[in-house]
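In what follows, a single structure is set out as structure tokens and then discussed.
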Amino acid sequence: FFGAPGAGLPSTTMKEAVVCKVCAKRQAKMPSSWVLDDCCFYCPDCWEAFACHLCGHHDPKGSDFKGTWNCRSCRHKRLVKEKAGPSPDAMQQLIIDESEEICDAIKINDAAKSEAVNLLGTLCDTDSEEEDVVGELPAQMKGRKRVEPSKKVRHVILLLDASGSMRTPDVDLDAETRKELGINGQVSRIEAAELCSIKFAREHARARPQDVFSVVTFHEVSSVVCCKASSSEMATLAFEDRAANGTCYLQALTSAARLLQASPELQGEVVLLSDGRPADTKQALTYFQEQFLRGPLAGTQLHGIGFGSRVESFAALQQLACLTGGTFALSGSTVRGLCDAFSSVSSTITAGSNKWVLADGADGDDGTEVNSVRPLRAVDFELPEVGIFGKKHVLRFRAVRSSFSFDGQAFHKQDFAAGQVVRRRLPYMRGGMRLVYGFQDEQVSKNGNWMVAKCSRYLSGALNSPVAVEAHAKSTAIARHFASRFNSRLRALCAEPASLLFVPCFVYEVEGTAPENEATCFAAERYLPGVFLKYNSNSGYVADALPHNDMVQAFLHFSFEESGGKFMVADLQGVARDKEVLLTDPQVLSLSRDYGPGDLGATGYVRCLKAHRCGPCCQQLRLTPISSSRVKGIESSVSATSGSSWQHLHSVNSFGDWERISERAAAEYAMSEGTASSVSSWIDIDKQNKIDKLS
């Protein structure tokens, strides 16, 4: 029996035995190209369809995931990764529990308030009071060439997910849209995306009528719907490529790159809308780095819109937006939410294009470039796998941990015993001045909670020194102190106000020899999941229409007045919840400039005060209004005291070969980097004769 022909095959006659299990194709005898697996025949085409997208193994018993085939092993690994980590809400709650410091009701510090008001008064003429206004953009600097990008045509490319899941009819309509379309029920996601993209073009054209739009739909292939169309042409656009197959970002990015390279004279902005995880995350990230970070499209911003409510589903999209300095918005499952997300992106594009920037090749008054190039770490970015620490792609070493607290007068340092820590070898995110890595310290991240390490983007030993890293940790300590007082004041004045909290920051110093080409000192903190919002910067950028925006902007004003003008906590960014705003990476501004490269000193004061507009929260806290006449006086005083090109301010906190740049050069650097960015007032001087020349 076991030796008989056809033994072990399905119990049919030999003529019917060779039948493909999938397509039912028949053969009189089994061809050499066919495959027999688990007593079933498969023709070459059907067998190839069972190749795992991740590992290449053929497994007919695998499953389809987001339009691509996964074998049982890879699917199991994916599920384990998704289930192993704590939920975003649990990680946020842990930060809240550790960060919230409830104080007794705090009275107004009249002495500190008087000092802050006197600081304004001594720097300007306060005889003529004016209403609070948003300050104008910085004036052009003498002797510098300028271009005004607000008058230039921008090429906005919309990449719309057209995968099979976009057919789902689960999008709620608002009253206005129901009336406009004559529909009372729900619409599909692809229909909502088409509707809101046309509205986006129409609303964006009101601020920038000269911009043009291209639209690309994508799934496993991409299709260019229109190229460089006006907003009026967008209104009559017909989207022919209907939703099908899986989500592949690579196809969308490839089409965007072709469109951008076809019109190199236009400044490009890419907006990618998707409703979930892509099937080609790794391939898309590799291509993205080659083209948009290091290649010919470097400098192009990508903005992401997550069509859903679970932020963890959009880790890949949020990563792409962050790496280019773009915006990421979560829309929920309503047309109104999607329109708001598009509006947020449009506001970012408009705000970024309304600033004066340095023209390429512009030189200083003496013919030299004021902002010399600072050497950056050459890094590749990995997938956002923050909490995964296996045997590969990680660094293991011992490090000493310390933390700082601030009591309003002095800092208090707490040291902890050295312990074993683990860090991912590659970063997955970056900010204005730091790279972000997955990190683990069992003494802190117990019960599987995640952490991140933040190392300087620059190779200079000064910016990787304990002094530089401690300056970052001290900024967080000051911010936490004033946030505690801010929350207490609000609780005494309001019923159930939202709380403003900062993620605690630790300083780590490597014990012994650090791994090759790695920082010996860095900062680390708990991982903060969620949609990151940029409320303001250290150089005068102020966001609009964000959750709890009035309260967060009032905190900047409060920190200035409560400290008697000694500090201003700026560069506020983080995640908004219903009753809390969780912030990270604040930048303290001080007249003494003791808080790292991002402390712009008086220049930062002027820029932030000019941009600040007092709102209801400032009024509730009874903060002294910042009038435009006072700010203009401060600006004049700052300009008058900056006669030379450089300021050499040496102290115990000096950073060695890093010298502070002048007020004029710092302002130019800020404008060249963009108003929404965190900027640095420090410049690396390699040779003493260059210092002598510029000073």
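Of the residues contained in region 537-552, one or more are found to be within 13 Å of Leu583 (Cα to Cα), out of contact with any Asp or Glu (no Cβ under 9 Å at 6 or more places or on another chain) and crowded, with 21+ Cβ neighbours inside 10 Å.
Looking only at region 419-434, residues that are open to solvent by less than 30 Å² (accessible area, probe 1.4 Å) and in a loop (DSSP other than H, G, I, E, B) come to 3 in all. Among the residues here, Ala399 qualifies as open to solvent by less than 30 Å² (accessible area, probe 1.4 Å) and either within 16 Å of Ala519 (Cβ to Cβ) or at pLDDT 95 or above (or both).
Show the residue pairs meeting these rules: Cβ distance below 7 Å; 6+ apart or different chains; first residue within region 170-190 and assigned to a strand (DSSP E or B); second residue open to solvent by 70 Å² or more (accessible area, probe 1.4 Å). Here the result reads Val171/Gln186; Asp172/Gln186; Val187/Pro169, each pair linking region 170-190 to a residue that is open to solvent by 70 Å² or more (accessible area, probe 1.4 Å).
Annotation: of all residues in region 266-292 being without any contact (Cβ under 8 Å) to a residue 40 or more places away in the chain and more than 26 Å from Ala51 (Cβ to Cβ), the one that is least open to solvent (accessible area, probe 1.4 Å) is Phe292. Would you say Ala495 is of a type in the set (A, V, I, L, M, F, W, C), without any contact (Cβ under 8 Å) to a residue 40 or more places away in the chain and more than 17 Å from Arg398 (Cα to Cα)? The answer is yes for Ala495. Exactly one residue out of Ser231, Ser263, Ser223, Ser188 is surrounded by fewer than 22 Cβ atoms within 10 Å (Cβ to Cβ) and within 19 Å of Ser331 (Cα to Cα), and it is Ser188. Scanning region 521-530 for residues that are more than 18 Å from Pro427 (Cα to Cα) and either open to solvent by less than 10 Å² (accessible area, probe 1.4 Å) or assigned to a strand (DSSP E or B) (or both) turns up nothing. Against the numbered list (1) within 21 Å of Arg78 (Cα to Cα); (2) over 21 Å from the mean Cα position of the chain (by Cα); (3) not in a loop (DSSP other than H, G, I, E, B), Gly246 comes up short only at (3). Summed over region 234-260, residues that are without any contact (Cβ under 8 Å) to a residue 60 or more places away in the chain, over 22 Å from Lys199 (Cα atoms) and either open to solvent by 10 Å² or more (accessible area, probe 1.4 Å) or of a type in the set (Val, Ile, Thr) (or both) total 4.
Yes/no matrix, rows are residues, columns are (1) under 17 Å from Arg154 (Cα atoms); (2) out of contact with any strand residue (DSSP E or B) (no Cβ under 7 Å at 6 or more places or on another chain); (3) outside any helix (DSSP H, G or I):
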residue	(1), (2), (3)
Ala193	no, no, no
Ser197	yes, no, no
Gln210	yes, yes, yes
Thr217	no, no, yes
Ser223	no, no, yes
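Among the residues of region 5-28, which ones are modelled with pLDDT under 90, surrounded by 10 or more Cβ atoms within 10 Å (Cβ to Cβ) and assigned to a loop (DSSP other than H, G, I, E, B)? Matches in region 5-28: Gly6, Leu9, Pro10, Thr12, Ala28. Do we find that Leu500 is within 14 Å of Pro586 (Cα to Cα) and either of a type outside the set (A, V, I, L, M) or more than 19 Å from the chain's Cα centre (by Cα) (or both) in this structure? When the stated conditions are applied, Leu500 passes them. Taking the criterion of being outside any helix (DSSP H, G or I) and in contact with a helix residue (DSSP H, G or I) (Cβ under 8 Å, 6 or more places away or on another chain), the residues of region 467-504 that qualify are Cys494, Pro497, Ala498, Ser499, Leu500, Leu501, Phe502, Val503, Pro504. Has region 561-583 got at least one residue that is touching a Phe, Trp or Tyr at 6+ places or on another chain (Cβ under 9 Å), in contact (Cβ under 8 Å) with a residue 40 or more places away in the chain and in a helix (DSSP H, G or I)? The answer is yes; a qualifying residue exists.
Screening Phe502 against (1) closer than 23 Å to Asp97 by Cα; (2) crowded, with 24+ Cβ neighbours inside 10 Å; (3) among the hydrophobic types (A, V, I, L, M, F, W, C); (4) in contact with a Phe, Trp or Tyr (Cβ under 9 Å, 6 or more places away or on another chain) leaves a single unmet condition, (4). Under the condition of being at negative phi and either more than 27 Å from the chain's Cα centre (by Cα) or part of a helix (DSSP H, G or I) (or both), the residues counted in region 598-626 number 20.
In region 435-467, which residue that is open to solvent by less than 10 Å² (accessible area, probe 1.4 Å) and over 21 Å from the mean Cα position of the chain (by Cα) is nearest to Gln93 (Cα to Cα)? If we take residues in region 435-467 being open to solvent by less than 10 Å² (accessible area, probe 1.4 Å) and over 21 Å from the mean Cα position of the chain (by Cα), then Ser445 is nearest to Gln93 (Cα to Cα). Residues that are surrounded by 20 or more Cβ atoms within 10 Å (Cβ to Cβ) and over 15 Å from Arg336 (Cα atoms) do occur in region 191-204. Within region 584-597, being of a type outside the set (Asp, Glu), outside any strand (DSSP E or B), touching a strand residue (DSSP E or B) at 6+ places or on another chain (Cβ under 8 Å) and open to solvent by 10 Å² or more (accessible area, probe 1.4 Å) holds for Tyr595, Pro597. For region 296-325, the tally of residues that are assigned to a loop (DSSP other than H, G, I, E, B) and either within 26 Å of Ser87 (Cβ to Cβ) or open to solvent by 20 Å² or more (accessible area, probe 1.4 Å) (or both) stands at 9.
The values are calculated or read from the model by the stated rules, or taken from the named source; none is laboratory data. These figures come from a predicted structure and were not determined experimentally. Cβ: placed from backbone, ideal geometry, glycine included. Neighbour counts: every protein chain shown. Accessible surface areas use protein heavy atoms only, side chains included; no ligands, DNA or RNA. Shrake-Rupley method; radii C 1.70, N 1.55, O 1.52, S 1.80 Å.
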